[in-house]
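Engineer: Handing you a structure now.
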Amino acid sequence: MSSTEELVEQLLAFPLGHHPYTKWTGTHWRLVEIADSAVPVDRKRLEVAVGAELAWLLPGLEPQRVLRVAGRARRHGSIEGNAEYALSCLGFADHQGTRQLVEALLDWQWPDGGWNCDRHPDAWRSSFHESAIPALALATYAKRTGDTAARQAAERTAEILLEHQLFRSTATGEPIHSSWVVLHYPAYWHYDVLQGLRVLEAVDQLGDPRAADALDLVEHARRPNGRFSGQRWSSRAQPAAVDWGRGTDNLVLTEIAATVLAAAGRPSAVART
């Protein structure tokens, strides 16, 4: 199996002739995976790709291009959230384009603390899929810049997640969707309990008792060697940009899950191979 550094090198071969959002091989997704890997990359190697990403996204932030229904912005916040997260992680938190993404997400946040693209006027609750990623992005930006408004916005989203113990229906106590209790990597725009726990870790709320069941799910997914495997959202028709690990081990999923559990006081050594 290739090392994380080798896979990041593959991701850095950006397909700049294609739309950044091309699933799942476009620049948009590659930047997120590079950010998740935590492998240091010289900023100069990313500048062209970041420029392409911002050239696509920034025009869509103009007020006249933001659909609002019943006073609420109806946007796929996960798109701008993924971009802002990646830029914040990869050394572009000081970029004006990153700041524009932050301001847009703050402006689009719904009263309950999340985001939603649902155009129906009677839609009043945020989408977990569209909320966890922007919250993680804003918390990441806040850690790198000290921005109070971004941190507070992420904390509001964390409260939505905690109200549901990250995956449960408040009406029945059952999982809202079966995919939410299964680990995935790359997550792309999808929600699951690990995505929710990443938000809590970023705002220092893993100690909340309402997170315990979600932490249990992740801990129980840990293999005897300390590593993690997960499901895939990619397919033969929409292949992944790189293969982070088939079968028993997923390199980045292992790092993310182990980091979350350690932050929650549940560490375990990962066997080295």
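Engineer: Quick test for you: out of 7, 61, pick the one residue that is of a type in the set (A, V, I, L, M), over 27 Å from residue 118 (Cα atoms) and at pLDDT 95 or above.
Structural biologist: 7
Engineer: Could you count how many residues in segment 64-74 are part of a helix (DSSP H, G or I) and either in contact with a helix residue (DSSP H, G or I) (Cβ under 9 Å, 6 or more places away or on another chain) or among the aliphatic types (A, V, I, L, M) (or both)?
Structural biologist: Within segment 64-74, residues that are part of a helix (DSSP H, G or I) and either in contact with a helix residue (DSSP H, G or I) (Cβ under 9 Å, 6 or more places away or on another chain) or among the aliphatic types (A, V, I, L, M) (or both) number 1.
Engineer: Return the only residue of 104, 38 being open to solvent by 50 Å² or more (accessible area, probe 1.4 Å) and modelled with pLDDT of 95 or more.
Structural biologist: Result: 38 is the single residue among 104, 38 that is open to solvent by 50 Å² or more (accessible area, probe 1.4 Å) and modelled with pLDDT of 95 or more.
Engineer: For segment 127-158, which residues satisfy the criterion of being outside any helix (DSSP H, G or I) and within 11 Å of residue 76 (Cα to Cα)?
Structural biologist: Listed by number, the list holds a single entry, 127.
Engineer: Any chance segment 159-181 includes a residue that's in a helix (DSSP H, G or I), over 29 Å from residue 23 (Cα atoms) and open to solvent by 60 Å² or more (accessible area, probe 1.4 Å)?
Structural biologist: Yes.
Engineer: Go through segment 39-63 and count every residue that is among the aliphatic types (A, V, I, L, M) and either assigned to a loop (DSSP other than H, G, I, E, B) or in contact (Cβ under 8 Å) with a residue 40 or more places away in the chain (or both).
Structural biologist: Count: 8.
Engineer: Among 156, 144, which is the only one that is basic (Lys, Arg), open to solvent by 10 Å² or more (accessible area, probe 1.4 Å) and out of contact with any helix residue (DSSP H, G or I) (no Cβ under 7 Å at 6 or more places or on another chain)?
Structural biologist: Of 156, 144, the one residue that is basic (Lys, Arg), open to solvent by 10 Å² or more (accessible area, probe 1.4 Å) and out of contact with any helix residue (DSSP H, G or I) (no Cβ under 7 Å at 6 or more places or on another chain) is 156.
Engineer: Kindly indicate the residue of segment 182-213 that is over 30 Å from residue 26 (Cβ atoms) and outside any loop (DSSP other than H, G, I, E, B) and also most open to solvent (accessible area, probe 1.4 Å) among those meeting that condition.
Structural biologist: Filtering first and then ranking leaves 209.
Engineer: Scan segment 17-28 and tell me whether some residue there is open to solvent by 30 Å² or more (accessible area, probe 1.4 Å), in contact (Cβ under 8 Å) with a residue 12 or more places away in the chain and more than 17 Å from residue 189 (Cβ to Cβ).
Structural biologist: The answer is no, given that none of the residues of segment 17-28 is open to solvent by 30 Å² or more (accessible area, probe 1.4 Å), in contact (Cβ under 8 Å) with a residue 12 or more places away in the chain and more than 17 Å from residue 189 (Cβ to Cβ).
Engineer: Something else now. Determine whether segment 30-38 contains at least one residue that is within 23 Å of residue 255 (Cα to Cα) and free of Cβ contacts under 8 Å to residues at least 12 places away in the same chain.
Structural biologist: No, the conditions are met nowhere in segment 30-38.
Engineer: Show the residue pairs that are 6+ apart or on different chains and have beta-carbon atoms under 6 Å apart, the first residue being within segment 162-184 and in contact (Cβ under 8 Å) with a residue 24 or more places away in the chain and within 19 Å of residue 260 (Cα to Cα), the second being of a type in the set (Ser, Thr, Tyr) and open to solvent by 50 Å² or more (accessible area, probe 1.4 Å).
Structural biologist: Cβ pairs passing all conditions: none.
Engineer: Moving on. Search segment 142-161 for residues that are over 19 Å from residue 111 (Cβ atoms) and pair each with any residue that is part of a loop (DSSP other than H, G, I, E, B) and of a type in the set (D, E, K, R) when their beta-carbon atoms are under 9 Å apart and the residues are at least 6 apart or on different chains.
Structural biologist: 144/94; 145/94
Engineer: If a residue must be open to solvent by 20 Å² or more (accessible area, probe 1.4 Å) and closer than 11 Å to residue 12 by Cβ, how many such residues does segment 41-52 contain?
Structural biologist: 4
Engineer: Please find, among 36, 94, the residue that is charged (D, E, K, R) and in a loop (DSSP other than H, G, I, E, B).
Structural biologist: Going through 36, 94 in turn, just one is charged (D, E, K, R) and in a loop (DSSP other than H, G, I, E, B): 94.
The values are calculated or read from the model by the stated rules, or taken from the named source; none is laboratory data. Note that the coordinates shown come from a computational prediction; the quantities given were computed from them, not determined experimentally. Every residue, glycine among them, receives a Cβ derived from its backbone with ideal geometry; neighbour counts consider all protein chains shown. Side chains are part of the model used for accessible areas, which takes the heavy atoms of the whole protein and leaves out ligands, DNA and RNA. Shrake-Rupley method; radii C 1.70, N 1.55, O 1.52, S 1.80 Å.
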